[in-house]
Amino acid sequence: MKIQTLFTKAFWLTLVSITVMVVTIFRLSPGLAHPRTTPGATFTIGEYHSQSLETSSLYRRLGGYSAIATIVDDMTQFALQDPLINQYWAHLSTDSKQKFRQGVVNQFCQVTGGACLYTGRTMKLVHSGMHGGITNNEFNAFVNAIVLALNKNNVRLKETSEVLVFVNSLRKEIVEK
């Protein structure tokens, strides 16, 4: 009986410790629902700065999470059709493609003011050494895939421009050649 009680206490102590670490590291609410943000707070990915929780946030103007996920899905399809850049995705397993998709969705969601949290690696680290280094032409082809996806989803010019400002802020972290 004492061993079971000791095990139960150790289990709960471990669970509480892990929760405290997660809350501290990711600054999540104790319910682990969403990152804590304050109206008007800013965050940075690359050199792009965005206001969170504004009523007219880019996140809301794009149509929210589902719309961003659809844009990312369409962007991936356009990228796969481009012979210059499809090499980066064609060999990936279904699981790796889903992980890539979720990372891009989370990144776009967060940077546009949504309640998502991008926990992936830096863009420089993710793209370092890919096929000998990503070129400006390859980066431009990826930007073109994004534009095609935004156009397919009838995203207005203002929002398209804002998305492209963010994407282009990542150029120096991604392009190696």
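Here are the numbers:
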{"read-out": "Label-point separation in nm, GLN102 to ASN144, each point 7 Å along Cα→Cβ", "value": "3.2 nm"}
{"read-out": "Karplus-derived 3J(HN,Hα), 6.51/-1.76/1.60, for each residue of the range 69-80, Hz, glycine and proline x", "value": "4, 5, 4, 5, 4, 5, 4, 4, 5, 5, 5, 5"}
{"read-out": "Ratio of Rg to Rh over the range 92-177 (Cα coordinates, Kirkwood Rh, two decimals)", "value": "0.96"}
{"read-out": "For the range 64-104, diffusion coefficient by Stokes-Einstein and Kirkwood Rh (Cα), 4 °C, 1.567 mPa s, µm²/s", "value": "122 µm²/s"}
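No lab work stands behind these numbers, since they all come straight from the coordinates. As the structure is a prediction and not an experimental result, all values here were calculated from the model. Here the Cβ is made from the backbone with ideal geometry for all residues, glycine too, and neighbour counts use every protein chain on show.
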